[in-house]
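Contents: one structure, followed by commentary.
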Amino acid sequence: MKKAEYKKLIKLGIDALKKDELQEAANYFESALQIAINTNDILTLGFIYLDLKNFVRAKELFNVVLEFETNAKAIYGLALVNDYTGNKDEAISLYEEAITLEKKEPMLYFDCAYLYEELKLYDKAIDYYEKAILIKDDYFWAHVNLGAIYESLDKNEYALKHFLKAYEIDNAMPMICYNLGVVYSKLGNAEKAEKYYLEELEKESPYKDTFYNLGILYKDSFNDFEKAKQYYLLGIKENENHHLIWYNLGCVYVLLNDYDNAYDCFVYLYYKNRRLFEYIKVDEELKNFRNSSHYKRLMGINP
C-alpha cells in the first residue's frame, strides 16, 4: 500500500515537473519522501529546489544523498548551490570532485569551465571547455563560449573555428551569426562579416548590436555612408539609448556633408553622454566639421 502511494506521488510530481509547475512538483516529492527514501528521487527534488532558488533546502537534500552514498550528481548539485550563492572557490572544488567521479559527463566540465571563465582564469576555462567538447563534439554552448574567450584574447582564428562549428550545429540560435561577423571583421574579411551580420538580422530576435556593427562595417570597410546611416538609424530605433550609435551617426552625417543632422546627433550626446561628446573635439573624422559654423554653435552650449 505504501509502495503504491509512493509511486503515485512521484508520478504526480514528475507530471507537474513536465508542466514546469515546480513548486507543485516539489510538494509531491516531499510527500513521497515522507513514505520512503530513494536517493534518485531525493536528487530530483534537490534539483527542483535549485530551480526554485531554495538553496538551503537543495543543499540539505544533496547532503542527505551523500550520507547514503558517494554520488557525483549530489556533489555537482552542491557545486551549483555554492556557485549560485557566490562561494566560488568551494564551487570549483566540488565541480572538480564531481568530475573525478564522473569523467564522461560533459556538463560537469562545461559548468566548471564557465565558472573559471567568470573568474577570468581563461587557460583553465579553455581546458575544461575543450574536455567537454572531446566528450560531446556537438556541444553548442561549449563551442560558443570557447569562441568568445578566444575572441576576447584576440586569438581570432581559434575563435572562428569554434563559432563556425557552433553555426554548423545550430545556425538558428541568436548571436552566433553576430559572433561570426565580429571575428570575420577582425580578420579583415568585410564581405564575410557583412554576410553573417545580415543573416543575424533575419532572425526573429536578432542581437541588437548587429545594427551598430553593420554601420561601422559599411562606414569603415566599404565607405558606404548611406548604408551606414541606414543601419545606425535602425539601431537607434531598437535602442535609442545606444550612445555610440548616436556618435557614429553624427560622424556619418558629417561625411555626407549633412551638418544639420550631425549637429542634432551631437547635441543629443551633450545631454546624454558628455564623455563621448568630448571626442568631437579631437576625432580626425570630424576635422572639417570643426571648421564649420555648426561646430561653433555646438561649442556654444559647451563653453
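Taking into account only those residues within segment 49-70 that are in a helix (DSSP H, G or I) and of a type in the set (Val, Ile, Thr), which is nearest to residue 27 (Cα to Cα)?
The residue in question is 56.
Can you confirm whether segment 86-108 contains a residue that is more than 30 Å from residue 7 (Cβ to Cβ), in contact (Cβ under 8 Å) with a residue 24 or more places away in the chain, of a type in the set (Gly, Ala, Ser) and out of contact with any strand residue (DSSP E or B) (no Cβ under 6 Å at 6 or more places or on another chain)?
Within segment 86-108, one or more residues are more than 30 Å from residue 7 (Cβ to Cβ), in contact (Cβ under 8 Å) with a residue 24 or more places away in the chain, of a type in the set (Gly, Ala, Ser) and out of contact with any strand residue (DSSP E or B) (no Cβ under 6 Å at 6 or more places or on another chain).
Return the total of residues in segment 150-162 being crowded, with 21+ Cβ neighbours inside 10 Å and within 16 Å of residue 117 (Cβ to Cβ).
Total meeting the criteria: 3.
Just name the residue that is surrounded by the fewest Cβ atoms within 10 Å (Cβ to Cβ) out of those in segment 66-90 that are over 18 Å from residue 132 (Cα atoms) and within 22 Å of the chain's Cα centre (by Cα).
Result: 86.
Which residue is farthest from the chain's Cα centre (by Cα), if the candidates are limited to segment 159-199 and must be at negative phi and assigned to a loop (DSSP other than H, G, I, E, B)?
Here the answer is 189.
Pick out the one residue from 119, 61, 50, 115 that is buried (at least 19 other Cβ atoms within 10 Å of the Cβ), farther than 30 Å from residue 10 by Cα and modelled with pLDDT of 95 or more.
115
Given the criterion in a helix (DSSP H, G or I) and either of a type in the set (A, V, I, L, M) or within 27 Å of the chain's Cα centre (by Cα) (or both), identify the matching residue among 270, 232.
On inspection, the qualifying residue turns out to be 232.
The values are calculated or read from the model by the stated rules, or taken from the named source; none is laboratory data. What you see is a predicted model, and the numbers here were worked out from it, not measured in a lab. Because the Cβ atoms are built from the backbone with ideal geometry, glycine has one as well, and the counts that use them run over all protein chains shown.
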